[in-house]
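Below is one structure, written out as structure tokens, with a few remarks after it.
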Amino acid sequence: METIIILHLLLGFMIIGSVITIEIRNMLSAVIAVGAVGFILAMAFLFLGAPDIAITQVIVEVLSLIILIRATINVDNEAIEKKEEHVLSNRTTLIFVGIILVFAWFAFHSLRPFGEPLMRISNFYLIHGLAEVGAANFVTSVILDFRAYDTFGEAMVLFVSISGAFAILRRWKREQHKDFLRIDREH
Amino acid sequence: MTLYFLDFVLLIIGLYALVVKRHIVKKILGVAIMEYAVNLFLILLGFKKAGIAPILTKDMDLQTFIQTAVDPLPQALVLTSIVIGLGTLALMVAMAIRLYERYGTFDMEEINRLRG
Amino acid sequence: MKKRKQSGMTFIVKTITNLIIGFMMVFGAYVVLYGHITPGGGFPGGVMIALAYILITLAYGRKVVESMVSGVAGSICDDVGALAILILGVVGLLLGGTFLFNFLPKGTPFDLFSAGHIILYNLAITVKVGMSLYIVFLALAILQRVVTEDETQEVGK
């Protein structure tokens, strides 16, 4: 019972943190606020019985904070967001958000009650995991033996996205070194 | 049930930041908040009341472990999802940096006007 | 009188980096190698090793870290890691009949060398994820600084 109260508190803090993230005007503060939301999420993962995921979330959060701060502190030090007019007016947005939330409240009642998962496939993994794989960490045995295709696909997706980031950030040598221009003129 | 609903509110906040804000990095932060909400929802689906983590230790009986362990399958999927989220965040930040160098501003409205 | 340009951060940051780096690398290796017994695995361990190199980049500057692992070496290690995942899958296909088949012996639980090919996969994923995140950080953080360093050097001449 205390776990569920603590989870409500943590989710409340995450909502407050994300409202601060999107409404604050200084970009560095926004990035730090989203980092705080990520760390509270890692705590929530610990209370939900997922230590693997909590470790991964903390580590990935630190790295994404570093990458995001690199994007906001640029050469011109433009760290303040300009005052903006919103794309949709405030009243229309609120009406649509209200309608979505009302329907979502009824939609979530069709899920199973919280805390009683339907473990049809996972019962198989839990019962046969130790005999067929021999790993004590059942999450690792799921991602690397029972469902190794998904991990393989993930490694490939990471490869493609990092190659894409590299392809975007690559500078043509012509912009930096002048001798390449000289070679081009000789041709 | 209110936990699912609060998580959905987090998703809507992220979606609001993605659609309404003009600064590109605010949009990227909105995508990050949506990723947090989705990963949390998957782990919430697999939670068992008074459950333990699906890691076997030496002094645990196998039968009680099978009865009380939380669902390991959503955790495997979320592990994949978190790392892929990092990859796409790196890609989005690279694009934002390139846009700044090309147009001199982070503001999407001005970039739409200055295209070319 | 020649004034040597100080790269990287202050002396305090460099000292703390010296003390912490060994611990980070060993802890990252522990999380990877014992991934099938305790929580962890290839992905957090790989990111942790990338974070160790990123700490050296932030504290000491680009030249020091590129003398350890240059951008080209990191890219080659990234490709080697991805190829290793593929080759392990194909070996599973040849030895067991299905792609990504677990072809090593199971062993006893709670041992280091148990659970078949999981430890080899963890190592390949670590090399791949760690090196690719390290080179993406080099590209994000360093490319802009290359332009400004060239400009200041030209002004100094």
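The values are calculated or read from the model by the stated rules, or taken from the named source; none is laboratory data. Given the structure is predicted, the values throughout are model-derived calculations rather than measurements. Methodologically, a virtual Cβ is constructed for each residue, glycine included, from the backbone with ideal geometry; neighbour enumeration extends over all protein chains shown. In case anyone asks, the SASA skips ligands and DNA or RNA and just uses the protein heavy atoms, side chains included. Shrake-Rupley method; radii C 1.70, N 1.55, O 1.52, S 1.80 Å.
Give the residue that is modelled with the lowest pLDDT, with candidates limited to residues of the range C:1-23 that are of a type in the set (A, V, I, L, M) and open to solvent by 40 Å² or more (accessible area, probe 1.4 Å). Working first, answer last.
Within the range C:1-23, the first condition is being of a type in the set (A, V, I, L, M), and the residues that meet it are C:1, C:9, C:12-13, C:16, C:19-21.
Pick out the ones that are also open to solvent by 40 Å² or more (accessible area, probe 1.4 Å) and you get C:1, C:9, C:12-13, C:16, C:19-20.
On the way: C:MET1: 53, C:MET9: 79, C:ILE12: 91, C:VAL13: 91, C:ILE16: 93, C:LEU19: 93, C:ILE20: 93.
My answer is C:MET1.
Of these, B:LEU73, B:LEU99, which one is in contact (Cβ under 8 Å) with a residue 24 or more places away in the chain and surrounded by fewer than 22 Cβ atoms within 10 Å (Cβ to Cβ)?
Answer to the check: B:LEU99.
Could you tell me how many of the residues in the range C:107-137 are buried (at least 24 other Cβ atoms within 10 Å of the Cβ) and part of a loop (DSSP other than H, G, I, E, B)?
2
Filtering the range B:78-94 down to residues that are under 14 Å from the mean Cα position of the chain (by Cα) and more than 7 Å from chain A (Cβ to nearest Cβ), which residue is surrounded by the most Cβ atoms within 10 Å (Cβ to Cβ)?
Residue satisfying both the conditions and the ranking: B:GLY85.
Check A:GLY115, A:GLY134 and return the single one that is within 7 Å of another protein chain (Cβ to nearest Cβ), part of a loop (DSSP other than H, G, I, E, B) and within 19 Å of B:LEU42 (Cα to Cα). Can you show your working first?
Values: A:GLY134 fails: within 19 Å of B:LEU42 (Cα to Cα).
Selected residue: A:GLY115, the only one of A:GLY115, A:GLY134 that is within 7 Å of another protein chain (Cβ to nearest Cβ), part of a loop (DSSP other than H, G, I, E, B) and within 19 Å of B:LEU42 (Cα to Cα).
Out of the residues in the range C:24-43 meeting the condition of being buried (at least 24 other Cβ atoms within 10 Å of the Cβ) and in a helix (DSSP H, G or I), tell me which one is farthest from the other protein chains (Cβ to nearest Cβ).
Going through the qualifying residues, I end up with C:VAL32.
Examine the range A:15-27 for a residue that is more than 10 Å from every other protein chain (Cβ to nearest Cβ), assigned to a helix (DSSP H, G or I) and touching a residue at least 40 places away in the same chain (Cβ under 8 Å), and state whether such a residue exists.
The answer is no; no qualifying residue exists.
From the list A:ILE55, A:ILE32, pick out the single residue that is more than 24 Å from B:MET95 (Cα to Cα), modelled with pLDDT of 90 or more and open to solvent by 10 Å² or more (accessible area, probe 1.4 Å).
Being more than 24 Å from B:MET95 (Cα to Cα), modelled with pLDDT of 90 or more and open to solvent by 10 Å² or more (accessible area, probe 1.4 Å) holds for just one of A:ILE55, A:ILE32, which is A:ILE55.
List every residue pair whose Cβ atoms lie under 9 Å apart, where the two residues are 6 or more positions apart in sequence or sit on different chains, the first residue falls within the range C:44-55 and is surrounded by fewer than 24 Cβ atoms within 10 Å (Cβ to Cβ), and the second residue, located anywhere, is hydrophobic (A, V, I, L, M, F, W, C) and outside any helix (DSSP H, G or I).
C:TYR53/C:VAL69
Kindly evaluate B:PHE5 against the criterion of being facing chain A (nearest Cβ under 7 Å), open to solvent by 10 Å² or more (accessible area, probe 1.4 Å) and in a helix (DSSP H, G or I).
yes
Yes/no per residue for (1) facing another protein chain (nearest Cβ under 7 Å); (2) closer than 28 Å to A:HIS8 by Cβ; (3) polar (S, T, N, Q):
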site	(1), (2), (3)
B:ASN39	no, yes, yes
B:GLY51	yes, yes, no
B:THR57	no, no, yes
B:THR64	no, no, yes
B:ILE97	yes, no, no
B:TYR100	yes, no, no
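Under the condition of being in a helix (DSSP H, G or I) and touching a Gly at 6+ places or on another chain (Cβ under 8 Å), which residue from the range A:34-55 is farthest from the other protein chains (Cβ to nearest Cβ)?
A:ALA36
How about the range A:56-76: which of its residues are within 7 Å of chain B (Cβ to nearest Cβ) and of a type in the set (A, V, I, L, M, F, W, C)?
Selection gives A:VAL60, A:LEU63, A:ILE67, A:LEU68, A:ALA71.
If you check every pair at least six apart or on different chains, which have Cβ atoms under 7 Å apart with a residue in the range A:116-138 that is within 11 Å of B:ILE66 (Cα to Cα) and touching a residue at least 12 places away in the same chain (Cβ under 8 Å) first and a residue that is polar (S, T, N, Q) and assigned to a loop (DSSP other than H, G, I, E, B) second?
Pairs found: none.
Of C:PHE43, C:PHE110, C:PHE103, which residue is within 17 Å of A:PHE152 (Cα to Cα) and modelled with pLDDT under 85? First the steps, then the outcome.
Details: C:PHE43 fails: modelled with pLDDT under 85; C:PHE110 fails: within 17 Å of A:PHE152 (Cα to Cα).
Matching residue, one of C:PHE43, C:PHE110, C:PHE103: C:PHE103.
Determine which member of the set C:LEU94, C:LEU104 is assigned to a helix (DSSP H, G or I) and over 30 Å from C:THR10 (Cβ atoms). Please lay out each step first, then the result.
Values: C:LEU104 fails: assigned to a helix (DSSP H, G or I).
Being assigned to a helix (DSSP H, G or I) and over 30 Å from C:THR10 (Cβ atoms) holds for just one of C:LEU94, C:LEU104, which is C:LEU94.
Quick one: in the range B:19-32, of everything that is free of Cβ contacts under 8 Å to residues at least 40 places away in the same chain and surrounded by 18 or more Cβ atoms within 10 Å (Cβ to Cβ), which residue is farthest from B:LEU91 (Cα to Cα)?
If we take residues in the range B:19-32 being free of Cβ contacts under 8 Å to residues at least 40 places away in the same chain and surrounded by 18 or more Cβ atoms within 10 Å (Cβ to Cβ), then B:LYS21 is farthest from B:LEU91 (Cα to Cα).
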